[in-house]
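Asks: I have a structure I would like to understand better, so I am pasting it below and will then ask my questions one at a time.
No value in this document is a laboratory result; all are computed from the given coordinates. Predicted model, so just to flag it, every value in this text is computed and none were measured. Ideal geometry is used to build each Cβ from the backbone, glycine not excepted, and the neighbour counts take in all protein chains shown.
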Amino acid sequence: TQLLEQSPQFLSIQEGENLTVYCNSSSVFSSLQWYRQEPGEGPVLLVTVVTGGEVKKLKRLTFQFGDARKDSSLHITAAQPGDTGLYLCAGGETSGSRLTFGEGTQLTVNP
Amino acid sequence: DTEVTQTPKHLVMGMTNKKSLKCEQHMGHRAMYWYKQKAKKPPELMFVYSYEKLSINESVPSRFSPECPNSSLLNLHLHALQPEDSALYLCASSLLPTGELFFGEGSRLTVL
């Protein structure tokens, strides 16, 4: 099984600040997905990146897949309280059998 | 219809009870999953059904028994559970295995 290390595990910031969440592995993944989960709900897919070096933007969120497809980052600009939640990265294993989840980043944005 | 529907949302059961969790999707997805999630932790994979056949069982205790009656439905039968089995049980589906997951809202299980 391939492993994904996600950092930081917890992040508490003020509204308007910027932040970056990292997802790292020594293994190559076929794709990397980012999910956000709010309390009492299931995770919701934000984005999928599949090409090394790929950058995708979703409003104030910027996602990047490393050139070697071993790491990814999520950058949020001008965070808002509505961004609060558990952010999960998940890598598609090259064997094609399952997704590997990172440990998650619990983000709290204070008004 | 882009939803995965799970019932019940909440379930409280004793250690001798038998209950079932249900999951339904009508997106034509051919892979369906059961995950277990503890508070502020990532989902842990339990079972994967691919084209209605069990393809992955992550060494889950036999007190959890999955069933896939057809391509739209997935059940998880529960029997003789332990208090440590209390968790959020998430169903998900994807068009293909390791594709993008669509999660339901989960069933919050409490075992007394």
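Asks: For region A:17-111, which trypsin sites (Lys or Arg not before Pro) pass both filters: DSSP loop (anything but H, G, I, E, B) and at most 14 other C-beta atoms within 10 Å?
Replies: Listed in order of number, the matching sites are A:59, A:60.
Asks: Can you give me the Kirkwood hydrodynamic radius for the protein assembly as shown, using every pair of distinct Cα atoms, in Å to one decimal?
Replies: Numbers: mean 1/r = 0.0555 Å⁻¹.
That comes to 18.0 Å for the protein assembly as shown.
Asks: Looking only at region A:4-47, which residues have a backbone nitrogen under 14 Å from a spot 7 Å from the Cα of residue B:9 in the C-beta direction?
Replies: The answer is A:39-42, whose backbone nitrogens lie closer than 14 Å to the label point.
Asks: How many percent of all Cα-Cα pairs in region B:1-67 sit more than 15 Å apart?
Replies: Value for region B:1-67 (Cα pairs over 15 Å): 63 percent.
Asks: What aspartates and glutamates could a cross-link reach from residue B:19, if we take a straight Cα to Cα line under 18 Å and drop same-chain neighbours fewer than 8 places away?
Replies: Straight-line reach from residue B:19, under 18 Å: B:67, B:84, B:85.
Asks: Dividing the alpha-carbon radius of gyration of region A:39-111 by 2.2 N^0.38 Å (N being the number of residues), what value is obtained? Mind dumping the intermediate values first?
Replies: On the way: Rg = 13.3 Å, N = 73, 2.2 N^0.38 = 11.2 Å.
Expressed relative to 2.2 N^0.38 Å, the Cα Rg reads 1.18.
Asks: Could you list, in their original order, any pairs among A:59/B:53; A:56/B:53; A:59/B:22; A:70/B:40; A:56/B:41; A:70/B:22 whose Cα atoms are separated by more than 30 Å?
Replies: A:59/B:53; A:56/B:53; A:59/B:22; A:70/B:22
Asks: Here's something else I'd like to know. With θ set to phi - 60°, apply the Karplus curve 6.51 cos²θ - 1.76 cosθ + 1.60 along region B:48-59 and write out the HN-Hα couplings as whole Hz, x wherever there is a Gly or Pro.
Replies: 10, 10, 10, 6, 6, 10, 5, 10, 9, 10, 7, 6
Asks: For region B:45-112, what log10 I(q)/I(0) values come out of the Debye formula at q = 0.27, 0.28 1/Å, with one point per alpha carbon and no solvent?
Replies: For region B:45-112 at q = 0.27, 0.28 Å⁻¹, log10 I(q)/I(0) is -1.45, -1.50.
Asks: Right, something else. Loop only by DSSP, 13 or fewer other Cβ within 10 Å of the Cβ. Give me the chymotrypsin sites (Phe, Trp or Tyr not before Pro) in region B:28-84 that pass, ordered by residue number.
Replies: Of the chymotrypsin sites (Phe, Trp or Tyr not before Pro), the ones in loops of region B:28-84 whose Cβ has at most 13 other Cβ atoms within 10 Å are B:51.
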